[in-house]
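Participant: Following this message is one structure expressed as C-alpha cells.
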Amino acid sequence: MRLSVQNVCKHGSNRIHREGEATLSSAYGVALLEKGIKMTRITSLLALGVLLTISSPLFAQFAASDDMVDRGRELFVHQWEPNDKLSPNGDGLGPLYNATSCVACHAQGGVGGSGPKDHNAQMLAIVPEPGKLNARTAKTFLNRLNTMHPEFVDSEGRYFTGILLHRYSTTPEYAEAHQKVTTPLEETIESRSRVRRMLNRRGISEISLLPLKLVINQRDMQYALAERNPPQLFGTHLIDTLIDDGDIEAIAQQQLQSNKGVSGRFTGRFGWRGQLEDLDLFVKGACAAEVGLQVQEMNQSKDPLKPDYQLSGIDLTAEQTDQLVAFVRSLPRPEQVLPEDPNERSYVNQGAVLFDAIGCAECHVQDVGQLSGVFSDFLLHDMGPEFEDPIPAKKIKVTRVTAGVTMPSYYGADPIRATETYYTVEEQNHFKEYRTPPLWGVADSAPYLHDGRATTLRAAIEWHGGEALASRANFAQLHEREQVALLKFLESLQAPKTAEETPDRIVGKQVAEPGEKKISSIPSGTIKAVAARK
C-alpha cells in the first residue's frame, strides 16, 4: 500500500519529500508543524542513516588487540561442560545454569544479539501477606525462606524479595524440583481470597491483572515467578563510553517539565532495572549468574540441593574475563537501514515524525551525549500496575560492587531487613520501574519488554502503561496507516549487518518445559525435599 503525505518540514537540504495530499490527522499535523526545526532533526532519516553507518572516531569500536578479542569470542561461543578444560581451577559449568554458552542467550540478529523467551532468566519471588514482621515472626519468616532456597537470606540475616531460579543443574534431581516449584498455582476459593488480600495491599484490584505467574504456596508465604528477557549486547561499549552520567541526569531534569507525567530517575545504564553501571561487571556477572562460571568479582549461585558445597577455585581467570569483556566491547553498533523503495522510505520517514509527535521520544531519546541513534534515556520509569514485580528497582544510584558479591543482587535490589516493609507510594513504585531499553536494533530483538511478553512491536507499544500511558493512547488514536508508518520506522532500526552469523549448532534446552498440570502447594514446601521424593 502506497502512503501519500504532504511535506511536514521544508528546511533546505534536510527536506523530506512526500507525494500527494496529507493523510496525517489534523491534530497531529498541527503539532508537527509547530515543532519546526526540531522535527527536521527527527525526520531527517537519510542523514541519520549516514551517521549510523559511517565509521568515525566518535563511533570507533573498542580498541583491543585482535588476539584478545578472538580469545574472548571463543569463550563467548564455547559450550561449557562440568569440569571444563577451560576452567581447570574451578568446577566448570554450573552447578546451576541457564545455558551452556553465552551465545545461546545472545544470538538473535547475530552473535551478541538478544535471546528468545525460552531463555528468559527466571526469578522466584516472595509475595508476602500484609502486615509488618516483628522480631519473633521475622525469625520464622527467614527460616522458611532459607529452607525454600538458600540464596533468599544473606549472611547478615537480610532477605531478598526475589532470587534467580536457574532452569538447569548438573544435579540430576534438580529438573523435577524445578518443574514442581514452577508449576502454576491451582486456582481455588482459598487461593483467590489470599491473593486478593495481597493485591489490595499493592493497589491492584483484579487478580486477572497480576502480571506474574503464582506458583508454590507455603502456609502464609506465596511465591511467584518473574522473568527477564536476555538483552542485545550490540554497541554496549559505546553506551558505556560515549555517554556521561551528566547527560542522563540532564534528560531526567528535562522530563520534570513533561506534561505527560514522564519522570525518570537514574540508577545505572545496564540491566532491565538499571541495576548495574559498570559494563565489565555486567558481563562478568552474567558468567556467574547464567552459566555458573565463578569469577573473581561475582560468586556463582548456590545449589539448593547441595547448600554446603564449596567451590575450590574460580572458573574464569582475570585474563579470561578480560578477554570476554573485550569481545563484548568489540561488538558493532546496530544500524539504521532505510528501504530502497521511495514509497517504503516515505513510511519510515513519516513514522519517525509520528514517533516524536505522540511522545515516544520523551523516553526513547534519539541522541544521548555523544551517542547518536540509541533511542533511550537510560532512566527508570513507572510502567504501571501490569508491570509490577516483587523484585524492586534500586532506590538509589548504583555504586560499584566489591569483589565476591553473591548473585541475587545481579538481578534484583539490595537485601532488606525482615522488619522493613514498603507502604509509601514512592517505595511501591519501585516495583513497577524499568529502564528504558535502547531501540537501536529493535527490529531484530523480539520478543519485547522485560519479560518477553510482547511478540510484536505493535504489542509492545500496546502493553505500555504508567508514565507511557499517554503515548500509548496517542498511538491508538492514529489512523491504521499512520500506525503502520511508525512500526516501519521501528523496523528500520536493525541489528548490525557486520555482526557475526550465529553458529549452526547452539545448545538449547536441556530439559523439558514444565507440564501443564497444576498443583496448589507442595507439602514439604522446599526444593530440596521435592528433589528427594521419588
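The values are calculated or read from the model by the stated rules, or taken from the named source; none is laboratory data. Not measured: the values here are computed from a predicted model. Cβ: placed from backbone, ideal geometry, glycine included. Neighbour counts: every protein chain shown.
Participant: If the Cβ limit is 6 Å and pairs must be 6+ apart or interchain, which residue in region 139-150 that is within 16 Å of THR182 (Cα to Cα) pairs with which residue that is surrounded by 19 or more Cβ atoms within 10 Å (Cβ to Cβ) and polar (S, T, N, Q)?
Facilitator: Final answer for the pair search is MET148/THR526.
Participant: In region 97-147, which residue that is part of a strand (DSSP E or B) and not small (Gly, Ala, Ser) is modelled with the lowest pLDDT?
Facilitator: Among those that are part of a strand (DSSP E or B) and not small (Gly, Ala, Ser), it is PRO128.
Residue-by-condition table, conditions (1) of a type outside the set (S, T, N, Q); (2) under 30 Å from TRP80 (Cβ atoms); (3) modelled with pLDDT of 50 or more; (4) crowded, with 18+ Cβ neighbours inside 10 Å:
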{"residue": "LEU457", "(1), (2), (3), (4)": "yes, no, yes, yes"}
{"residue": "HIS479", "(1), (2), (3), (4)": "yes, no, yes, no"}
{"residue": "PHE489", "(1), (2), (3), (4)": "yes, no, yes, yes"}
{"residue": "LYS509", "(1), (2), (3), (4)": "yes, yes, no, no"}
{"residue": "ARG533", "(1), (2), (3), (4)": "yes, yes, no, no"}
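Participant: Inspect region 299-316 for any residue being at positive phi, surrounded by fewer than 21 Cβ atoms within 10 Å (Cβ to Cβ) and not hydrophobic (A, V, I, L, M, F, W, C) and give the result as yes or no.
Facilitator: no
Participant: Next question, about the same structure. Taking SER301 as the residue in question, decide whether it is in contact with a Leu (Cβ under 9 Å, 6 or more places away or on another chain), outside any strand (DSSP E or B), within 30 Å of GLU74 (Cβ to Cβ) and hydroxyl-bearing (Ser, Thr, Tyr).
Facilitator: When the stated conditions are applied, SER301 passes them.
Participant: Okay, moving on. Got a sec? Which of TYR347, TYR423 is aromatic (Phe, Trp, Tyr), crowded, with 22+ Cβ neighbours inside 10 Å, at pLDDT below 95 and over 17 Å from ASN229 (Cα atoms)?
Facilitator: Exactly one of TYR347, TYR423 is aromatic (Phe, Trp, Tyr), crowded, with 22+ Cβ neighbours inside 10 Å, at pLDDT below 95 and over 17 Å from ASN229 (Cα atoms), namely TYR347.
Participant: While we're on this one: Kindly indicate which of GLY268, GLY285, GLY292 is outside any loop (DSSP other than H, G, I, E, B) and modelled with pLDDT of 90 or more.
Facilitator: So the residue among GLY268, GLY285, GLY292 that is outside any loop (DSSP other than H, G, I, E, B) and modelled with pLDDT of 90 or more is GLY285.
Participant: Right, another one. Say we look at region 74-95 and pick out the residues that are at pLDDT below 95 and in contact with a helix residue (DSSP H, G or I) (Cβ under 9 Å, 6 or more places away or on another chain); which of these is nearest to TYR448 (Cα to Cα)?
Facilitator: Among them, the one singled out is PRO95.
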